[in-house]
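> Could you have a look at this structure, given as structure tokens, before my questions?
The values are calculated or read from the model by the stated rules, or taken from the named source; none is laboratory data. Note that this is a predicted model, so its numbers are computed, not measured. Counting neighbours? That spans all protein chains shown, and the Cβs are built from the backbone with ideal geometry, glycine included. Ligands, DNA and RNA are stripped out before the accessible areas are found, and what is left, the full protein with its side chains, is counted by its heavy atoms. Shrake-Rupley method; radii C 1.70, N 1.55, O 1.52, S 1.80 Å.
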Amino acid sequence: MKNSDIGLLMVAFVWGLTFVIVKESLFYISPFKFLFYRFSLSFLLLLGISIKKLKNITVKTVKYGSFIGISLFCGYGFQTVGLQYTTPAN
């Protein structure tokens, strides 16, 4: 088995495991509050990493980034709400 195959297997394992973790989390917190915390933590981590590059940001970058961010949030929103009503394996 090649390293790339092992890498893909590990990615699939971790990705699948996140569905179980999210499903368990939804017993304690609403889907959109969960997503708020998840996206906020990601924002703060990425802000810390790329704070120096923000001075070179353009309006075009903000426009396209906002579109991508809203689309990603909608996708995660539908997925997380759907996970409330089904099992992680589905």
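> I'd like the carbon and sulfur percentage of the solvent accessible area for segment 1-41, probe radius 1.4 Å, heavy atoms only, ligands and nucleic acids excluded.
Of the solvent-accessible surface of segment 1-41, carbon and sulfur hold 75 percent.
> Tabulate in residue order the Karplus-calculated ³J(HN,Hα) for segment 41-55, using 6.51 cos²θ - 1.76 cosθ + 1.60 with θ = phi - 60°, rounded to whole Hz; enter x for Gly and Pro.
Ordered by residue, 3J(HN,Hα) equals 4, 4, 4, 5, 5, 5, 4, x, 6, 10, 4, 6, 7, 5, 6 Hz.
> Which of the trypsin sites (Lys or Arg not before Pro) across the chain are loop residues per DSSP, with 10 or fewer other Cβ within 10 Å?
Answer by residue number: Lys2.
> So with the 1.4 Å probe, I'd like the accessible area per residue for the chain, rounded to whole Å².
85
> Something else: Under unit Cβ charges (Lys, Arg +1; Asp, Glu -1), what dipole magnitude, rounded to 20 debye, does the chain have relative to its Cα centre?
Result for the chain is approximately 520 debye, rounded to the nearest 20.
> For Rg and Dmax of the Cα atoms in Å, pick the label among [x] 16.5, 46; [y] 12.6, 37; [z] 13.1, 46 that corresponds to the value derived from the coordinates.
After the calculation, the listed value that fits is [x].
> Still on this structure: Each residue of segment 13-18 in turn: what ³J(HN,Hα) in whole Hz from Karplus with 6.51, -1.76, 1.60 and θ = phi - 60°, glycine and Pro shown as x?
Computed from phi, the couplings for segment 13-18 are 5, 5, 4, x, 5, 5 Hz.
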